[in-house]
Amino acid sequence: AEKYNQIFTLHGSVMMFLFAIPIFEAFSILFLPQMLGARELPFPRLSAYGFWAFLIGGVFLCGSIFFDAAPSGGWFMYPPLTSVYQPGDGADMWLFGFSFIEVAAIAASVELIVGVLKCRPPGMRINLIPLYSWYVLVSAAMVLFAFPPLIAGSLLLELERAFKWPFFDAARGGDPVLWQHLFWFFGHPEVYIIFLPSVALVAMIVPTFARTPIVGYSWIVLSAIGTGFLSFGLWVHHMFTTGLPGISLALFSAASQAVAIPTGVQIFCFIATLLVGRVQKSLPLLYVFGGA
């Protein structure tokens, strides 16, 4: 059972932090210069730094399973399960590995934001950049705002485990729900940090194989920004059973439904592009239909 819990925790952690974020940032760092007509993004050494930080964090996190020191509290690492009731080094390995992963993600997001804003060729105003660049800009900005709360929570949890400080220990005046707020304030925007770059690929594939300019460029840009903005107001819908006041649950429920509106706008723009264009049947377009 303990080994299963370790594998379960590593699976979720690797999926969210060592695949979804790095693959989006790596793909963007590779293709953005070509889309923007730039020789390179502005800080190649920062990109390399992010890569090595991802690698080091991943080695510590994944390598712990071979020494029976992997975390076993779930990828969300809720205390007190991961503080009072999890002796050993498993949770510490998770927190240590994630310290590198968090820094790596922020480093790459800085590279992407500056690249989109400062590496455009003459005449390519911000309202003329490829849609993929807009999606990358929004997602990278979300990383900048979403990861610091997780860094703060990781630091507090490690201080509690190492020095017995009572940040999340209710018996000593702490609040275990505080971890959930810090984690999910990161964790829910994380969903859209993954989702938006995926939609960005669709936004480039659809007009290419419809052989027509995208319908509603400005609406798609505003919808992407709106999705990123609203995603920071939804985190409590992961916490509906924690006993929070009913009025706050109602507000977060409404926000959770509202975020579907900008997503729907993007989908309808893609459909309209296919309707007005001369669709060329292709394998990438079939993947788009499958994803839809």
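A search for C-beta distances below 9 Å between a residue of region 1-16 that is under 17 Å from residue 183 (Cβ atoms) and any residue that is acidic (Asp, Glu) and surrounded by 12 or more Cβ atoms within 10 Å (Cβ to Cβ), counting only pairs 6+ apart in sequence or on different chains, returns 16/190.
Hey, among the residues in region 200-224 that are out of contact with any helix residue (DSSP H, G or I) (no Cβ under 6 Å at 6 or more places or on another chain) and of a type in the set (A, V, I, L, M, F, W, C), which one's modelled with the highest pLDDT? Checking each candidate, the answer is 222. With respect to the stated conditions, residue 61 fails to be among the aliphatic types (A, V, I, L, M), touching a residue at least 60 places away in the same chain (Cβ under 8 Å) and buried (at least 17 other Cβ atoms within 10 Å of the Cβ). If you go through region 34-49 and pick out every residue that is surrounded by fewer than 16 Cβ atoms within 10 Å (Cβ to Cβ), among the polar types (S, T, N, Q) and within 19 Å of residue 102 (Cβ to Cβ), you end up with 0. Cβ-Cβ distances below 7 Å connect the following pairs, each with a first residue in region 268-283 that is within 17 Å of residue 221 (Cβ to Cβ), a second residue that is open to solvent by 20 Å² or more (accessible area, probe 1.4 Å) and of a type in the set (S, T, N, Q), and a separation of six or more residues or different chains: 273/212.
The single condition from (1) assigned to a helix (DSSP H, G or I); (2) within 17 Å of residue 264 (Cα to Cα); (3) open to solvent by less than 40 Å² (accessible area, probe 1.4 Å) that residue 236 fails is (2).
For region 13-33, the set of residues classified as closer than 21 Å to residue 196 by Cβ and either of a type outside the set (A, V, I, L, M) or exposed (fewer than 15 other Cβ atoms within 10 Å of the Cβ) (or both) consists of 15, 17, 19, 22, 23, 24, 25, 27, 28, 30, 31, 33, listed by residue number. The one condition from (1) under 30 Å from residue 77 (Cα atoms); (2) assigned to a loop (DSSP other than H, G, I, E, B); (3) open to solvent by less than 40 Å² (accessible area, probe 1.4 Å) that residue 183 does not meet is (2).
Applying the condition of being among the basic types (Lys, Arg) and part of a helix (DSSP H, G or I) to region 139-177 and asking which residue is most open to solvent (accessible area, probe 1.4 Å) yields 172.
The values are calculated or read from the model by the stated rules, or taken from the named source; none is laboratory data. Computed from a predicted model, the values in this text were never measured in an experiment. A quick note on method: Cβ atoms are made from the backbone with ideal geometry, for glycine too, and the neighbour counts reach across all protein chains shown. Protein only, heavy atoms only, side chains kept; ligands, DNA and RNA dropped before computing areas. Shrake-Rupley method; radii C 1.70, N 1.55, O 1.52, S 1.80 Å.
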